[in-house]
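Notes to accompany the following structure.
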Amino acid sequence: MRMSNTHNSPKRHAVVAVASIGLATALYALGYDYQKVAAAVPYVLLFLTVVIGPMQVIWPRLRRRFKDTTLNSWRSEIGIWFVIWAIIHVGLVVNVRGLDVLWGSPWAFGATISVVLAVVLLFTSNNRVYQYLGPKAWKWHQSHATYLIFYMLAPHIWHRAYLIPGFPSNEPLHWLYLGMFALIALLHVGGFIKVVRHYRRTGRYPQGIR
């Protein structure tokens, strides 16, 4: 997944792994079945990967280093664990409903393509590909593909969470999804407006914008 660099930290991997397992445990303890847990955890991780970019545009101070790390430094590890959890989710669904479920509806097909694209990002998030493509092409590839995955998965989650009778009386998790959709959209619009205003005022883009 999208990263600020191609180096992974075992310590950050351990933190993300423990945190994601903790989230899964908490959701299961709250009464969600294992299928819903395996679907929720990867989307939360994907949200964290995507939200870092617009947050840093709107609040540039978030780019500051704290003990030799920045928010961008976590993108690689969070993104990799998103892919791992997404594959787990797909495997559980296929085990119950068969391979046909992967293309059984437009929403499922979009989700399948998203997971395939995420795996491609996983295997291109390394120094060899970075050096081959060059910094700008590699960052363009990682950034655009990550946002594409987020928005391609949105209709799938919308279908599963909101087009089922009874929403939202007993599903607080669905409100979390809705909040993530809204927050990402608002941050993107806000970041775009700030970049344009800065450019109109100074003739240059803000630091960190390529």
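What pairs from 136/194; 11/139; 139/194; 36/139 go past 30 Å between their alpha carbons?
36/139
Ignoring everything except DSSP H segments at least 4 long, calculate the 222 nm mean residue ellipticity for the chain; use -39,500 (n - 2.57) per segment, divide by total residues, nearest 500.
-25500 deg cm²/dmol
Which ordering of 87, 80 is given by a fewest-first count of other beta-carbon atoms within 10 Å?
By the 10 Å Cβ count, ascending, the order reads 87, 80.
So how much slack lies between residue 185 and residue 197, counting 0.36 nm per residue of separation and subtracting their Cα-Cα distance, in nm?
Full-extension gain reported as 2.5 nm.
Could you derive backbone 3J(HN,Hα) for the stretch 88-94 from the dihedral phi with the Karplus parameters 6.51, -1.76 and 1.60 (θ = phi - 60°), listing whole Hz in sequence and x where the residue is Gly or Pro?
Going residue by residue, I get 4, 4, 4, x, 5, 5, 5 Hz, with x marking Gly and Pro.
What's the extension gain from residue 151 to residue 25 if we count 0.36 nm per residue and subtract their Cα-Cα distance?
So the extension gain works out to 42.7 nm.
Fewest Cβ neighbours within 10 Å first, please rank 62, 187, 27 accordingly.
Final ranking by Cβ density, sparse to dense: 62, 187, 27.
In the chain, how does Rg compare with the Kirkwood Rh, expressed as the Rg/Rh ratio over alpha carbon atoms?
0.98
Which FRET efficiency value, to the nearest 0.05, do you get for residue 139 and residue 33 by plugging their Cβ-Cβ distance into 1/(1 + (r/R0)^6) with R0 = 45 Å?
The pair residue 139/residue 33 has a calculated efficiency of 0.70.
Which ³J(HN,Hα) values, rounded to whole Hz and listed in residue order, are derived for the stretch 77-85 from phi using the Karplus coefficients 6.51, -1.76 and 1.60 in 6.51 cos²θ - 1.76 cosθ + 1.60 with θ = phi - 60°, glycine and proline given as x?
The phi angles translate into 5, 4, x, 5, 6, 4, 4, 4, 5 Hz.
Read-outs: derived from the displayed coordinates by stated rules, not from any lab. What you see is a predicted model; the values in this text were computed from it and never measured. Cβ: placed from backbone, ideal geometry, glycine included. Neighbour counts: every protein chain shown.
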